[in-house]
Each structure stands twice: as structure tokens, then as C-alpha cells.
Amino acid sequence: MLLQLYPFVDLAKNAAAPLFPLSVDIVGKLDAIAEDASITTEFAFHSAISAAFDTLNDGHSSYSSDCFSGLVAMLPFAFGSLSSGSATQIYVAGAFTQTTAWFDGEEDSPLAAALDKTWSTGLGGKLPSAFKGYIVETIDGVDAVTAIKAFSDSIVGQSKSPEARFNRAVVGYKWKRSNFIPSTGLFYFRTDLNPDFPDSVVVSLVSPSGERVKVKANWLISVEKAVKRFVSTDAYYKANCVPSASKTKSSANAVGRGFWSDAKAAEPIAEPIAPPEVLSKAHGISSLSDVIPADMLPSYGKREAHVDLTPSKVSSRSAAYFRSLFGFSVHPSKLDNPFQPPPTYAELESIVAKKLMLDLPLKQAERSATAAVTRLQGDENGAFFVLNNKTAVWVLKTFDSANDTNAGISRFHESIVKGLVSLEAAGTTRLIIDVTNNGGGSICLGQAVIRYLFAAETVTPVMYDVRATSMLSDLITMNAKSGADELVFDFSENLDRNGKLAYPTASALFTPGLVLDRGGTQQKFSNKFLIDCRPLSNKLVNASIVLQLKRGWAPENIAIASNGFCGSTCAIFTRTMRESLGIKSYTYGGPTPSKPFQPTSFEGGRVARFHDVIASIRNVLAASNVTTPSALAKYPYEFPLPANGGIAFWEAYSQVRNASSSVAAAPPLEFSPWPADAALPEIAGATQFDSVWAAVEKRLMAGK
């Protein structure tokens with residue numbers, strides 16, 4: 001059912017050059033999982049679904065179970081990439097220091113000592129910090145670059161650009177409110193756990209003096225959910241892992257056959273599933289030991305040092321479950337509630353950033369150690385700097401304005417205006433826009449920023465379409481008739497190519513519609529449409545209420561810097577400036593540093609979040625006051641277990657690069673490679689943002 005909304009379901013099966021090559025039958029993969037008799041636990045089942053979505057290499061399309069998504073595995077080292085100009089090396093960019101602990105104030109606790117002991121056991125008695133700066137030759141016997149590339153190509157799944165995936169696997173940099181912090185590399189900080197997850201990796205290292213050493217780095221597993229305090233592991237399980245009474249008989253049947261596709265409807269159950277405290281036999285779970293196989297977990301959770309940390313008032317059974325699943329999250333100083341909420345993923349990332357000994361050139365001071373960079377402004381939306389040669393730098397972190405709330409949008413506007421006006425007032429003549437690790441946000445905020453920057457230029461926005469199915473047509477029609485006002489199924493405020501409101505009904509959206517070739521398969525799509533962003537962008541360019549730029553920067557004096565992970569709205573923002581204004585872009589990092597690659601990832605429009613779509617379908621059906629159409633009646637409107645994720649819903653198309661041919665015949669941007677103008681092979685390490693800026697500035701000054 002949900003994959004009927006996925007516009008790339010056929011193209012992903014057979015995309016070949018000059019497109020991004022891909023051969024993934026996502027419906028077939030899910031059907032195979034549903035029929036796989038070797039999958040006997042919920043953990044294995046949902047891990048397989050998550051891995052299937054990863055193969056799409058689409059940052060807008062993912063799946064995770066609420067029950068298992070909290071599991072996080074960590075190595076003692078942060079692996080980074082180094083460039084010698086023509087080749088890439090992997091090195092230990094950071095390591096956890098002595099008496100590291102997850103909770104501030106625990107530096108002298110038994111927990112911290114146990115953590116150090118666990119890691120040092122495999123490191124020849126040394127602490128992880130002793131290996132900082134070592135070159136990594138091999139990982140589990142495989143060349144380190146090859147090993148990380150293989151991991152990023154199979155697991156990262158956030159971009160169709162292999163270079164962007166590689167850069168996401170190693171440590172990088174990103175802005176966080178008032179300072180740069182390391183961006184956590186997905187190779188050593190994993191959320192992709194599965195039943196075959198290893199206990200450790202064997203790493204061959206070379207010291208700065210040339211000494212070779214082989215060590216065993218143990219994986220440590222914790223949990224990143226901090227929804228609320230759980231008094232026991234059983235309580236956690238009830239909150240995140242138990243199906244409700246409305247679920248189908250078999251989760252495999254529901255997900256593989258009826259829920260994702262329309263191949264077969266899921267069978268309804270005859271009787272409600274047992275209440276939460278009694279785990280369903282239909283799901284093959286009787287306790288947490290069935291959810292997470294004990295032999296999958298690293299040895300740390302079983303160490304004797306942990307016993308002393310568990311207050312006696314906690315039952316031994318609950319404590320054992322907690323230790324095995326949650327690793328080292330027991331907090332010994334809070335006897336009234338020993339099971340503290342584990343940190344969220346973002347909190348973990350901050351802790352990792354604080355604990356790793358990474359030497360980022362700009363710390364808390366307004367000026368770097370070299371006095372080459374001056375910061376003028378900075379907040380949660382990004383930061384603004386001036387380099388010595390009158391070059392401005394805008395670190396554009398996000399287009400996410402606090403979930404598009406009015407307060408968030410106003411804050412975003414204020415941040416952008418203050419920063420850009422300050423850069424202009426500083427007398428800068430060039431502008432570098434650093435979009436490294438920008439995951440996107442509001443499409444209209446991206447359009448508004450472009451209009452503000454280039455008020456005198458003509459900029460052509462991208463267009464969109466959706467996959468035409470009877471299910472979507474029914475939902476759009478029912479939504480309009482019932483007044484349910486579900487935005488997922490409301491296209492009434494979108495524009496045609498001439499900028500006119502043209503799609504008040506499903507009939508208008510799908511008539512005549514388009515028939516497009518998708519990997520050799522002919523598929524029906526809607527008419528192309530635009531998003532009406534005028535209300536938001538008109539406000540930002542209104543000189544009576546917003547301070548405008550006096551001169552700004554000419555397009556030829558602007559450049560974009562990226563590690564390839566500039567996704568969603570950031571990708572559309574970057575593509576639009578490159579296409580309409582000829583602004584140059586530069587990339588750095590990747591397994592081949594001299595090769596320019598695409599500076600953007602997962603270009604698209606609206607994302608269909610699973611929970612949102614299901615809730616919208618419910619609301620539309622409830623408000624319709626008509627018999628449920630047969631096309632919808634067979635679908636279950638709930639996940640068999642609590643789950644998160646979503647799929648791309650709208651395709652994005654360029655109106656500029658395909659102006660001389662039919663836009664209908666053009667491939668969607670998601671599958672259209674467009675490498676950067678040049679690479680920056682001289683960047684020694686992916687954490688050195690000031691070197692990135694200096695390299696781009698050099699090219700701007702030379703007119704290259």
C-alpha cells in the first residue's frame with residue numbers, strides 16, 4: 001500500500017548510466033523477507049526490512065522499528081580520512097580519553113573505569129587515546145579505505161553518490177549553535193545492528209614513528225531513546241515493542257504482502273492479541289532474550305564490573321535484562337530510580353564530540369588560532385565568518401525552522417538577514433556557502449533565501465510530480481469532499497508551470513497526466529506542478545519589514561562547498577543556484593579525493609512519513625461519511641509493530657537543464673548525476689573546515 005506512493009519503485013529496479021545506477025526491487029525484497037523461514041525473531045525481521053530500505057540509497061526513504069532503533073554500537077576510535085592529493089588514507093582521528101563516561105559528572109565512577117578497562121583489554125592494555133593519529137592500514141584484514149567504502153555502499157544508504165556515502169561513514173564537521181563539532185561517522189557509531197553484528201573488529205595500525213601494531217577494538221552497545229524513564233527493561237519493551245490489538249496475525253504477512261504493496265491483503269486476526277504484559281506468541285517473542293539474541297551482544301554487558309553498579313532493590317531478572325540490552329546505562333548515584341533515560345542520538349553525538357580528542361581549528365574563541373577567520377554571527381541555523389582576504393563564509397546548517405512553526409520561521413529569517421547583512425557590511429567581495437552535512441528542511445525556506453540573495457536575478461524553481469494510482473486519487477478526492485484537510489493528500493494550492501493554481505481536484509492533477517519510462521517500465525504520473533512559496537518569500541524580500549542587502553554578491557563571486565551530503569531542500573537550493581545562476585560548486589573527501597562528485601543528495605519534494613500517512617488515511621476515512629472504497633478497504637492502517645521512517649513521495653525535475661526538450665522525458669533529479677565543478681584534493685582531513693574555505697577562496701580569487 002505505502003509503496004504505491006513511492007515514485008521510484010520501478011526506476012530503482014533498472015536505473016543505468018547516465019543515471020545513477022541502481023538495481024533494487026524493493027517490493028521483491030520485502031516479499032522475500034516475508035517468506036524467509038530463516039528469520040525467526042522480530043529483531044532479525046525488522047533488521048532485514050531496514051537493510052532492504054538502505055539499498056535504495058535514498059535519504060528520504062528508510063525504515064526502523066521503534067523497538068530496535070534505539071540500539072547504538074560504538075568503537076573506541078573515530079575513523080577519519082586523510083588526502084595526499086591523489087589517494088585517501090584512513091586514520092584514528094579521535095579516541096575516547098581515560099575515565100570517559102556517558103553522563104557528565106561520572107568521570108571518577110566505577111562505570112568509567114569499567115569502560116576504559118573493556119576497551120583497553122583488546123588494545124594491549126593501552127587506552128584508546130594512545131592511538132590517536134595512527135594510520136589505519138586494514139580493518140578485519142581488508143584495506144581500510146576499501147572496507148569503509150564497502151560498508152558505506154551497503155549500509156549508509158543516504159545518497160546515490162558513493163563519495164557522499166563514504167564521507168558520511170568517517171568523521172567530518174558540522175555546526176551546532178555556537179561552535180563546530182565533529183559529525184559522527186556512521187562506520188564507528190552504528191545504528192544498523194542485526195543478529196550477525198560482530199563483537200569486535202581487528203585493526204592494523206601504523207604509528208607516526210612507523211611502528212606497526214594490531215589491536216582488537218570491541219563494540220559497545222547502548223540505547224539512544226530518551227522518551228521517558230523506564231523502571232525496567234520490561235517497561236521499555238511495553239512502550240516500544242508490543243503490537244496493539246488491531247494488528248494482523250503475522251507481521252511478515254502484513255509488511256511483505258498487504259502493507260507495502262497491493263500484492264495481497266493481510267489477513268485480519270480473529271481475536272485481539274494479548275495485552276502488553278503478555279507478549280504475543282504470534283510474534284515469536286516471550287521475553288527480551290528472544291528479541292536480542294544474547295550471543296549478539298558484546299562482552300561488556302556481561303562483565304562483573306557491572307554487578308556493582310546495580311542497586312539491590314532492582315530484581316536480578318530485570319537487572320540482567322537491562323544490562324544485556326542497554327549496556328552501560330545504569331546510573332549508580334540515583335537509587336530512587338536506577339534506570340535513567342539513556343541519551344538521545346543527538347545527545348550521544350554531542351557527548352562523542354566532547355569526549356573525542358579532535359583538534360578542530362575553531363573552538364570557543366571568536367578567532368581561530370591562525371587569526372584567519374573571524375566569526376560575526378552564529379546560532380542553531382548556521383554561522384557567518386569573514387576570511388582575511390575579504391571573503392565571506394556562510395555555514396548553512398539547515399532549512400529546518402523548528403518544524404515550520406511561525407516562531408521557527410521568524411527565527412530562521414532573522415538569522416539569515418542578520419548574518420548576510422553583517423557579511424556585506426564587513427566589505428566582503430566573495431561568498432562561500434558551506435552546505436556540508438545540511439540535511440534540508442522546508443522547500444519554501446530554500447526558495448525564499450534564494451530570492452533574498454538574488455533579488456534582481458531571474459531564478460527558475462524545480463517542478464514536481466507524483467505517481468498516479470487509484471488509491472492516491474481516491475484519497476485526494478475523499479480528502480477534498482470530507483474537509484479532513486490532510487496536507488499529505490492536498491494539492492489544491494500547488495501551481496502549474498505558468499504559476500497558476502490549477503489542481504483543486506484529483507481529476508485536475510491526474511488529467512491528462514504523464515506516462516513515463518521508468519527503467520523500461522511505463523508508469524502513470526500526475527501533471528507537473530510547482531509549490532506556491534510566494535507567501536513566505538514575499539515576506540523576506542519586503543523592504544518595508546526586512547532589511548535588504550545593498551549590493552550582495554555577484555553569482556560569479558559565489559561558490560558552494562560540500563562533502564556531498566547536502567540533502568532534500570539543501571539539494572534543491574544548490575541545484576537551483578547552479579542551474580539558474582551558474583554558481584560553481586566544489587567537493588572534498590571521498591575515496592578518490594581528486595575526483596569531483598555530486599555536491600547534493602536525495603533531491604526531492606515532500607516525504608511520506610509512515611505515521612503521518614497512516615494517520616491521514618484514518619482521518620480521511622473517518623471524515624468521509626461514505627463507505628470505504630474497495631481499493632482502500634483491504635489495507636491495514638497500522639504497522640504490526642511500532643515503526644518509523646518514510647518514503648519519497650514527490651519527484652523533482654529541473655526546468656532549466658531540460659528547457660530545450662520535454663520536461664516529461666527528463667529523469668528526476670534524484671537519479672540525475674551532476675558532478676561539482678572541481679574537487680579540493682589538497683584538503684588533508686575532512687574535519688578541517690578552514691582548509692576547505694581557504695581552498696575555495698583560492699579558486700574564487702583565481703576565477704576558476
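The values are calculated or read from the model by the stated rules, or taken from the named source; none is laboratory data. Remember, predicted model here, so these are calculated numbers, not experimental data. Positions of Cβ are backbone-derived with ideal geometry, glycine not excepted, and every protein chain shown enters the neighbour counts. For the accessible areas, the whole protein counts, side chains as well, though only heavy atoms, and no ligand, DNA or RNA atoms are used. Shrake-Rupley method; radii C 1.70, N 1.55, O 1.52, S 1.80 Å.
Scanning for something of a type in the set (D, E, K, R), modelled with pLDDT of 90 or more, in a helix (DSSP H, G or I) and out of contact with any Cys (no Cβ under 7 Å at 6 or more places or on another chain), does the stretch 534-552 turn up at least one residue? No, the conditions are met nowhere in the stretch 534-552.
Each residue in the stretch 4-31 was checked for being assigned to a loop (DSSP other than H, G, I, E, B) and polar (S, T, N, Q), and 2 of them qualify. Filtered by the rule that a residue be over 13 Å from W175 (Cβ atoms) and open to solvent by 10 Å² or more (accessible area, probe 1.4 Å), the stretch 419-439 gives V421, S422, E424, A425, A426, G427, T429, R430. Scanning the stretch 184-207 for residues that are more than 24 Å from S65 (Cα to Cα) and part of a strand (DSSP E or B) turns up S200, V201, V202, V203, S204, L205, V206.
Only one entry of K214, K160, K174 meets the criterion of being touching a residue at least 24 places away in the same chain (Cβ under 8 Å) and either among the aromatic types (F, W, Y) or not in a loop (DSSP other than H, G, I, E, B) (or both), and that entry is K174. Of all residues in the stretch 48-80, those being open to solvent by 10 Å² or more (accessible area, probe 1.4 Å) and among the small types (G, A, S) number 7. There is at least one residue in the stretch 678-698 that is among the charged types (D, E, K, R), modelled with pLDDT under 90 and either surrounded by fewer than 22 Cβ atoms within 10 Å (Cβ to Cβ) or closer than 25 Å to L514 by Cβ (or both). Here T576 meets each of (1) surrounded by fewer than 23 Cβ atoms within 10 Å (Cβ to Cβ); (2) over 23 Å from N57 (Cβ atoms); (3) β-branched (V, I, T) with one exception, condition (2).
Candidates A623, A554: the one that is more than 30 Å from I90 (Cβ to Cβ) and without any contact (Cβ under 8 Å) to a residue 24 or more places away in the chain is A554. Among the residues making up the stretch 579-615, those that are open to solvent by less than 10 Å² (accessible area, probe 1.4 Å), under 19 Å from V393 (Cβ atoms) and either of a type outside the set (V, I, T) or outside any loop (DSSP other than H, G, I, E, B) (or both) are S585, Y586, T587, Y588, P599. If I ask for residues that are closer than 27 Å to R534 by Cβ, modelled with pLDDT under 85 and aliphatic (A, V, I, L, M), which ones from the stretch 476-518 would you list? A480, A484, L487, V488, listed by residue number. Taking the criterion of being under 24 Å from S568 (Cα atoms) and either in contact with an Asp or Glu (Cβ under 7 Å, 6 or more places away or on another chain) or without any contact (Cβ under 8 Å) to a residue 12 or more places away in the chain (or both), would at least one residue in the stretch 24-45 satisfy it? No, there is no match, as no residue in the stretch 24-45 is under 24 Å from S568 (Cα atoms) and either in contact with an Asp or Glu (Cβ under 7 Å, 6 or more places away or on another chain) or without any contact (Cβ under 8 Å) to a residue 12 or more places away in the chain (or both). What about A571, is it of a type in the set (A, V, I, L, M, F, W, C) and farther than 19 Å from F602 by Cβ? Spelling it out, it is not the case that A571 is of a type in the set (A, V, I, L, M, F, W, C) and farther than 19 Å from F602 by Cβ.
Within the stretch 373-393, residues that are at positive phi and touching a residue at least 40 places away in the same chain (Cβ under 8 Å) reach partners that are β-branched (V, I, T) and surrounded by fewer than 21 Cβ atoms within 10 Å (Cβ to Cβ) with beta carbons closer than 6 Å, at six or more positions or on different chains, in the pairs K390/T429. Evaluating G125 against the criteria (1) assigned to a loop (DSSP other than H, G, I, E, B); (2) modelled with pLDDT of 80 or more; (3) open to solvent by 10 Å² or more (accessible area, probe 1.4 Å); (4) in contact with a Leu (Cβ under 8 Å, 6 or more places away or on another chain) leaves one unmet condition, (4). If you go through the stretch 632-657 and keep only what is open to solvent by 30 Å² or more (accessible area, probe 1.4 Å) and either at pLDDT below 75 or part of a strand (DSSP E or B) (or both), you end up with A633, K634, Y637, E638, P642, N644, R657. Among the residues of the stretch 76-87, none qualifies, meaning not one is modelled with pLDDT under 80, touching a Lys or Arg at 6+ places or on another chain (Cβ under 6 Å) and more than 22 Å from A217 (Cβ to Cβ). Inspect the stretch 163-170 for any residue being of a type in the set (D, E, K, R), open to solvent by 10 Å² or more (accessible area, probe 1.4 Å), within 30 Å of Q377 (Cα to Cα) and out of contact with any Pro (no Cβ under 8 Å at 6 or more places or on another chain) and give the result as yes or no. Yes, because at least one residue in the stretch 163-170 is of a type in the set (D, E, K, R), open to solvent by 10 Å² or more (accessible area, probe 1.4 Å), within 30 Å of Q377 (Cα to Cα) and out of contact with any Pro (no Cβ under 8 Å at 6 or more places or on another chain).
Would you check if S204 is under 15 Å from the mean Cα position of the chain (by Cα) and either surrounded by 17 or more Cβ atoms within 10 Å (Cβ to Cβ) or free of Cβ contacts under 8 Å to residues at least 60 places away in the same chain (or both)? Here the answer is no, as S204 does not meet what is asked. Every test in (1) buried (at least 20 other Cβ atoms within 10 Å of the Cβ); (2) modelled with pLDDT under 90; (3) not charged (D, E, K, R) is passed by S159 save one, and that test is (2).
Could we say that N381 is buried (at least 21 other Cβ atoms within 10 Å of the Cβ) and at pLDDT 85 or above here?
Here the answer is yes, as N381 does meet what is asked.
Within the stretch 428-456, residues that are in contact (Cβ under 8 Å) with a residue 24 or more places away in the chain have Cβ atoms under 8 Å from residues that are among the small types (G, A, S) and open to solvent by 20 Å² or more (accessible area, probe 1.4 Å) in these pairs: G439/G59, counting only partners at least 6 apart in sequence or on another chain.
For beta carbons closer than 9 Å, sequence separation of 6+ or different chains, a first residue in the stretch 472-500 that is of a type in the set (S, T, Y) and a second that is assigned to a loop (DSSP other than H, G, I, E, B), the qualifying pairs are T477/T505; S482/N625; S482/V626; S492/Y503; S492/P504; S492/T505.
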